[in-house]
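A short write-up of the structure that comes next.
Quick note: the coordinates plus some simple rules give every number you see, no bench work behind them. None of the values given here were measured: they were computed from a predicted structure. A quick note on method: Cβ atoms are made from the backbone with ideal geometry, for glycine too, and the neighbour counts reach across all protein chains shown.
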Amino acid sequence: MCKADRSPVTAADHEIESALRQVIHQRYPHHAIIGEEYGKVRGSNYSWILDPIDGTKSFVMGNPLFGTLIGLMHEDETVIGLIDVPAMGEQWAGDGEFTRFNNRLNVCSATVSGCHLIERARLYATPSPHFACPDERNAVDTLSRHVAIAHPTCDCYAYGLLASGYCDLIVETGLQPYDYLPVVPIVEGAGGWITDWKGRQPGLNSDGRIVAAASKPLLDAAIDSLMRL
């Protein structure tokens, strides 16, 4: 089954989000909930952000790099984030100050690589066919030619890899708030930076163009390259 934008949706998407909503409502009945499959339930100045399966295409095609995203916002700031990748047995949780990685064997802090230079950066980016705007596609293609390694993004798993130092830069477009808000405290808690393409803090009303980087100099260099549209 596909949604209006032709992205796939499965029974598992609905079941996971429904279960999460039920637990949240039982424990925090006055909190708002914003989810991919069931929209927004209004509440207090606390809002839960849910993406039951980030990477549904991967899920339906047997690729294990799909995951569940959960975020908690207080007013306009995401204060807690979780990436759970069940098929890999890996999980990242962050609060903007500290990020923890758990792979079922051990639990440790996650720390970005600290890479400062574009020419040394390992990049995950939205694949070219997914760009609706030719200028955006050209901007990312240009950036990709200047990094050390460029690879198509692997949904939420890429942000976990950034937090653990296995990649240095992520550039995406066409995202929804439930795609990027939960990963903000994870990236920042690991020492990284995440903004929109204009360097602004991501929020509910952002345009869906996201840059995450292992250092502020790398973020600035990437934004400078992208905005030469």
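Taking 0.36 nm per residue of separation and subtracting the current Cα-Cα distance, fully stretching the chain between ASP76 and HIS30 would add 14.9 nm. Taking a ≥ b ≥ c as the square roots of the eigenvalues of the alpha carbon gyration tensor, segment 11-109 is oblate, as a/c is not under 1.5 and a/b does not beat b/c. The Cα atoms of the chain cover 49, 39, 35 Å along the three principal axes, with the biggest extent listed first. GNM on the chain, alpha-carbon springs under 10 angstrom: the most fluctuating residue among ALA12, ALA213, ALA121 is ALA12. When the Gaussian network model of the chain links Cα atoms closer than 10 Å, the mean-square fluctuations of PRO185, PRO202, PRO127 top out at PRO127. Going from the fewest other Cβ atoms within 10 Å to the most, the residues ARG100, ARG200 appear in the order ARG200, ARG100. Legend: ranking of residues TYR159, TYR124 from fewest to most surrounding C-beta atoms inside 10 Å; resulting order TYR124, TYR159.
Mean residue ellipticity at 222 nm, helices only, the chain: -7500 deg cm²/dmol; runs of at least 4 DSSP H residues each add -39,500 (n - 2.57), and the sum is divided by the number of residues.
Return the loop-located GluC sites (Glu not before Pro) in segment 14-112 (DSSP other than H, G, I, E, B) with at most 12 other Cβ atoms within 10 Å of their own Cβ; answer none if there are none. Listed in order of number, the matching sites are GLU75, GLU97.
Judged by the ratio a/c of the largest to the smallest principal axis of the C-alpha gyration tensor, segment 118-226 counts as rounded, that ratio being less than 1.5.
Computed from phi, the 3J(HN,Hα) profile of segment 149-163 under the Karplus parametrisation 6.51, -1.76, 1.60 (θ = phi - 60°) reads 9, 10, 9, x, 5, 10, 6, 5, 4, 4, 6, x, 5, 4, 4 Hz, with x in place of Gly and Pro. May I ask what percent, to the nearest 5, of DSSP beta bridges between residues of the chain are antiparallel? Close to 80 percent.
Spacing of the modelled spin labels on MET61 and TYR46, each 7 Å from Cα toward Cβ, amounts to 3.9 nm.
Legend: calculated FRET efficiency, GLU97 to SER18, from the Cβ-Cβ distance at R0 = 30 Å, rounded to 0.05, equals 0.40.
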